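Please treat every number below as a calculation from the coordinates, not as lab data. Since this is a predicted model, take the numbers as computed values, not measurements. As a convention, Cβ positions derive from the backbone with ideal geometry for all residues, glycine included, and neighbour counts pool all protein chains shown.
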Amino acid sequence: MSTDQPRTLSVGFVPGVTPGKWVARWRERHPEVPLELHQHDDALAALRDGSDDVVFVRLPVDRNGLHLIPLYEEQPVAVMSRENELSLYEDVPAEELEGERPLDVVECGGPKTAVEVAASGSGVVILPMSLARLYARKDAVHRPVPGLPATTIGIAWRVEEESDDVEEFIGIVRGRTAQSSRQPSQREAPRKSASQKVAAKKAATGGGTGGTKELKGGAVPKGGSNPQPNKPARPSASRGKRR
């Protein structure tokens with residue numbers, strides 16, 4: 001990639017997202033460009049104020065002024081006290097939740113506090129499984145609830161962001177290989193002309209003449225060496241001496 005781009009990439013993410021595999025690929029392919037990770041309860045705010053170059057967010061969000069690509073869905077689960085009878089289910093039927101006190105995540109002060117309240121037996125909270133695992137407690141359990149709408153994780157960046165580093169990272173997240181022609185690092189690589197490719201192939205296979213000289217008419221001497229001039233024949237021993 002070009003050296004005039006910002007040489008530090010700042011990536012934000014909301015709790016529950018694990019960007020480790022993408023970060024590892026970035027650091028393997030571009031060790032010269034440091035990548036900084038920041039976790040935010042409101043990653044979108046960090047993106048809009050310029051603190052981060054790209055963020056992983058939980059949808060829905062306000063997309064105004066943003067590029068956003070949905071990546072994957074999260075399974076909803078019910079978090080409750082271990083003493084709750086619903087904990088006996090492997091999958092909790094949605095209709096069984098009607099008899100429970102639903103906990104509002106915002107009113108509880110966030111998912112971590114909501115899990116604490118649910119663990120106390122004061123109600124049941126619905127969360128993405130990633131958050132239920134992140135804030136897991138010994139006195140709480142979570143069970144999948146089939147039929148409830150899933151949440152979606154996406155990656156977002158600013159519309160005006162033209163950095164090759166950002167585009168390169170987006171490509172990694174989308175699964176492009178290091179050799180993909182759509183990656184900026186590959187588009188900037190100079191392309192060889194046909195004659196350059198032929199010359200390179202000859203050099204690699206030793207296809208040259210090795211510096212031997214051609215004889216008149218284009219013939220090459222056997223063994224690649226120049227012929228020696230003929231020496232005059234010695235007089236025959238049978239000839240008599242001159243008188």
*So which aspartates and glutamates can LYS112 reach, going by Cα to Cα under 15 Å and dropping same-chain residues fewer than 8 places off?*
ASP41, ASP42, ASP104, ASP139
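Filter the trypsin sites (Lys or Arg not before Pro) in the stretch 100-186 to those in DSSP coil with at most 10 other Cβ atoms within 10 Å of their Cβ, and list the result. Write out the running numbers ahead of the final one.
Details: sites: LYS112, ARG133, ARG137, LYS138, ARG158, ARG174, ARG176, ARG182; in loops: ARG137, LYS138, ARG174, ARG176, ARG182.
Counting only loop positions with at most 10 other Cβ atoms within 10 Å, the trypsin sites (Lys or Arg not before Pro) in the stretch 100-186 are LYS138.
Could you compute the FRET efficiency for LEU148 and SER122, with r as their C-beta to C-beta distance and R0 at 22 Å, rounded to 0.05?
On the way: r = 21 Å, r/R0 = 0.94.
FRET efficiency, LEU148 to SER122: 0.60.
For a test of the definition: using alpha carbon positions, the gyration tensor, and the 1.5 limit on a/c, classify the stretch 67-114 as rounded, prolate or oblate.
On the way: a/c = 2.43, a/b = 1.49, b/c = 1.63.
Cα axes put the stretch 67-114 in the oblate bin.
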*What are the trypsin sites (Lys or Arg not before Pro) within the stretch 1-90 that DSSP puts in a loop, where the Cβ has at most 14 other Cβ atoms within 10 Å?*
ARG7, ARG63, ARG82
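If you take the square roots of the eigenvalues of the alpha-carbon gyration tensor of the stretch 76-144 and sort them as a ≥ b ≥ c, do you get rounded (a/c under 1.5), prolate (a/b over b/c) or oblate? Don't skip to the answer; put the middle values down first.
Values: a/c = 1.41, a/b = 1.29, b/c = 1.10.
Judged from the Cα gyration tensor, the stretch 76-144 comes out rounded (a/c under 1.5).
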*Cβ-Cβ FRET estimate between TYR89 and THR113, R0 fixed at 25 Å, reported to 0.05*: 0.50
*asked:* Under 11 Å from a point placed 7 Å out from the Cα of ASP139 along the Cα-to-Cβ direction: which residues of the stretch 103-120 have their backbone N that close?
replied: 116-120
*Taking the alpha-carbon centroid of each part, what is the distance from the stretch 150-174 to the stretch 47-100 in angstrom?*
20 Å
*To the nearest 0.05, how large is the calculated FRET efficiency for GLN39 and TYR72 if R₀ is 25 Å and r is the Cβ-Cβ distance?*
0.85
_Student exercise, the stretch 76-144 dipole from Lys, Arg, Asp, Glu Cβ charges, in Debye to nearest 20_ = 440 debye
*asked:* As I understand it, the dipole of the stretch 76-144 uses +1 on the Cβ of Lys and Arg and -1 on the Cβ of Asp and Glu, about the Cα centre. Which of VAL92, GLY123, THR113 lies farthest toward its positive end?
replied: THR113
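Just flag the GluC sites (Glu not before Pro) in the stretch 40-99 sitting in loop per DSSP whose Cβ has no more than 11 other Cβ atoms within 10 Å.
Numbers: sites: GLU73, GLU74, GLU83, GLU85, GLU90, GLU95, GLU96, GLU98; in loops: GLU83, GLU90.
Of the GluC sites (Glu not before Pro), the ones in loops of the stretch 40-99 whose Cβ has at most 11 other Cβ atoms within 10 Å are GLU83, GLU90.
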